[in-house]
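Here is the structure we will look at.
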Amino acid sequence: MNTPNILYFIAHDVGRHLGCYGARVASPHLDAFADSAVRFDNAFCNSPACTPSRICAMTGMYAHTTGGVGLAHIGWPLAQDVPTIVDCFNDAGYETIHSGMEHERHPRENHYAVDLEVHWNSYNTQRGVDDALAYLGTRDRSKPFYLNIGSQQPHASTWRRTDDLYGGPVPPEDVYIPPYLPDLPSIRRDLGRFQAAIRYMDAHFGRLIEGLGTLGHDRDTIVIFTTDHGISAPRAKGTLYDRGVETALLVRLPGGRLAGTRADHLVQNIDLAPTLLDAAGVPVPGRMQGRSFWPLLNEAAYTPHDAIFIERNFHGESRVFGRQGEFIDRYDPVRAIRTRDFHLIRHFDPQVKCRPWLPFEVDARCVPEADSIEFALPRPREPRQEIELYHTRHDPQEFVNIAGRPEFRAIQHDLDERLSQWMRDTDDFVLRDDVPRRRERPSFGCFDGMPGDEAEARAKGFIKDAGH
């Protein structure tokens with residue numbers, strides 16, 4: 001294959017909540033795309049918050065190694081001197097292009113040669129796809145391109161526009177509730193909005209794939225669809241349970257090669273940067289801690305991971321139970337090791353005493369209507385255990401904590417030792433009781449003070465021409 005173009009599409013908060021992964025939701029274009037691609041069934045992020053996860057994917061490094069341990073707009077943008085895959089492709093002669101939203105740094109600070117993110121409206125999937133296709137249709141094709149498209153959908157912040165943007169929510173009777181959540185009115189209501197946002201994102205992803213074909217780029221472009229972490233729901237986003245760190249990962253190769261293949265190897269999102277560089281024939285920097293799975297896609301010898309490592313540090317969130325507001329950034333260091341069959345989670349903050357509810361423990365008759373899915377469950381009543389261990393092959397929803405059971409003592413000891421060794425090898429600040437400090441005050445960067453109307457913003461000079 002000649003030097004390929006690469007299109008990397010990342011959606012917000014999708015997890016594997018798609019039809020092609022068995023969820024009963026409307027995602028026909030992504031389902032069709034999965035049939036033309038390699039579907040990874042055991043892909044995970046290395047840190048289940050938006051900015052840290054994306055930094056992992058873009059740098060090929062663990063969050064605590066890069067300092068990307070919290071949300072960019074809360075004060076944790078990736079430092080300018082930390083190289084990403086964008087810098088690698090710039091150095092290799094690719095034209096690097098960004099459209100839609102990003103969340104690794106502040107807007108327009110990610111070193112793309114062409115940056116089409118110019119306004120809050122850029123975050124919308126439709127706008128991101130429109131801008132990308134318009135640019136691809138007019139660009140000089142003398143260079144290969146690396147195109148990153150970020151979709152704000154189906155993030156919960158977009159659900160307020162369900163009626164005018166998504167054509168209304170999915171009717172309550174048609175809402176799919178995954179087995180790790182109880183069937184409560186507020187959960188059914190918010191998942192109806194969420195699934196409508198997925199339907200919207202899916203439709204515009206379909207337009208993107210159709211547009212690529214029209215431009216002839218279906219023959220020379222590797223297309224990746226993925227997401228940052230699990231869905232916005234209890235026991236999911238922000239946690240180290242599988243539902244918090246699971247990601248959709250679909251990779252379509254030029255010429256339909258390996259179409260419809262299913263890969264069940266463990267992969268992690270720090271593997272994405274070295275894989276894409278490897279696919280393009282660009283040297284993989286030694287600093288990257290992920291490992292290329294391009295040999296797997298190239299049908300060459302490949303040794304899968306026998307374990308991956310995951311971390312939680314900061315995540316800006318509402319922590320006042322039962323009401324909105326008081327957005328804070330609490331430090332909650334958690335580390336985990338995930339193998340094919342087992343998942344060990346170690347909590348390092350003894351002050352946290354909130355074991356999440358399991359769905360069968362919740363009596364819907366006793367749960368009042370909540371303002372959002374975030375507060376759908378009652379106040380936690382049991383402490384969180386320092387160590388959790390799950391047999392994921394037999395307990396995929398991670399309902400039964402088997403830590404401390406005699407028959408699993410040897411497995412628990414081995415996994416705990418491997419987790420500790422990884423922390424030592426990567427100089428994890430948790431081992432030093434060293435709490436990181438924010439790099440800067442909370443800010444949206446160049447979008448702070450952005451007028452709500454795009455024409456007004458352009459007239460006042462907030463919006464600059466792409467690439468300047």
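Read-outs: derived from the displayed coordinates by stated rules, not from any lab. Please read these numbers as outputs of a predicted model, since none were measured by experiment. Don't worry about glycine lacking a Cβ; one is built from the backbone with ideal geometry, like all the others, and counts go over all protein chains shown.
Observations on the structure shown:
- Shape category assigned to region 40-172 from the gyration tensor of Cα positions, a/c cut at 1.5: oblate
- Under 11 Å, Cβ to Cβ, from residue 189 - net charge with Lys/Arg +1 and Asp/Glu -1: -1
- With only the Cα atoms considered, region 204-363 has a convex hull volume of 193 Å³ per residue.
- Trypsin sites (Lys or Arg not before Pro) restricted to region 1-104 and DSSP loop, no more than 12 other C-beta within 10 Å: 24
- Region 38-88 and region 141-217 have Cα centres spaced 22 Å apart.
- Pairs of Cα atoms nearer than 8 Å and 6+ residues apart set the relative contact order; for the chain it is 23 percent.
- Close amide H pairs (under 5 Å, H built 1.01 Å from N) link residue 47 with 311, residues at least 5 positions away or on another chain.
- Dipole of the chain, positive end: most advanced residue of 158, 99, 191 [Cβ charges, Cα centre]: 191
- Shape category assigned to the chain from the gyration tensor of Cα positions, a/c cut at 1.5: rounded
- Note on residue 424 and residue 371: their simple-model spin labels are 4.8 nm apart, each label 7 Å out from Cα toward Cβ.
- The order of 138, 239, going from fewest to most other C-beta atoms within 10 Å of their C-beta, is 138, 239.
- Residues 237, 143, arranged from fewest to most other Cβ atoms within 10 angstrom of their Cβ, appear as 143, 237.
- Computed over the chain, the per-residue total of -39500 (n - 2.57) for DSSP H runs of n ≥ 4 gives a 222 nm mean residue ellipticity of -7500 deg cm²/dmol, rounded to 500.
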